[in-house]
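> I'd like to ask some things about the structure below.
The values are calculated or read from the model by the stated rules, or taken from the named source; none is laboratory data. As the structure is a computational prediction, the values presented were derived from the model and not from experiment. Heads up, the Cβs are rebuilt from the backbone with ideal geometry, glycines too, and the neighbour counts pull from every protein chain shown.
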Amino acid sequence: MPVVLSDKEQISNRLKRLEGQVRGLQRMIEEERSCHEVLTLLSGVRSALNATADVILEHYLETCQADLSGGQADVKELVRAVKLARG
């Protein structure tokens, strides 16, 4: 199921922020910033990626909810989606 417009905008904004954070990481490496600073930003990037995956997973589960209640959903497919989102 495609991502609806409001979700698309939210995800796009998150990814743009992530893109800036990754550029920041590259700059920090080039500037030889402290490992602690780099790891701190890296942790933030990881958290932001997980939050973005959560938004996409939530959308996926909401679109499949009707199928679940009707006994039509493929539970293995849902489990695969959760595993993909969690890395």
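> Name every residue in the range 28-55 that is touching a residue at least 12 places away in the same chain (Cβ under 8 Å) and under 19 Å from the mean Cα position of the chain (by Cα), in order of residue number.
Across the range 28-55, the qualifying residues are LEU41, LEU42, GLY44, VAL45, ALA48, LEU49, ASN50, ALA51, THR52, ALA53, ASP54, VAL55.
> Restricting attention to the range 76-87, which residues are in a helix (DSSP H, G or I) and exposed (fewer than 10 other Cβ atoms within 10 Å of the Cβ)?
Correct list: LYS76, LYS83.
> Condition (residue is of a type in the set (Ser, Thr, Tyr) and either surrounded by 13 or more Cβ atoms within 10 Å (Cβ to Cβ) or at pLDDT below 85 (or both)) applied to the range 10-21: is it met by at least one residue?
So far as the range 10-21 goes, no, none of its residues is of a type in the set (Ser, Thr, Tyr) and either surrounded by 13 or more Cβ atoms within 10 Å (Cβ to Cβ) or at pLDDT below 85 (or both).
> Also: Taking the range 56-65 as the region of interest, how many residues are in contact (Cβ under 8 Å) with a residue 12 or more places away in the chain and more than 17 Å from ARG86 (Cα to Cα)?
Summing the residues that are in contact (Cβ under 8 Å) with a residue 12 or more places away in the chain and more than 17 Å from ARG86 (Cα to Cα) in the range 56-65 gives 2.
> Keeping to the range 32-86, report how many residues are at pLDDT below 85 and at positive phi.
Residues flagged as at pLDDT below 85 and at positive phi within the range 32-86 amount to 1.
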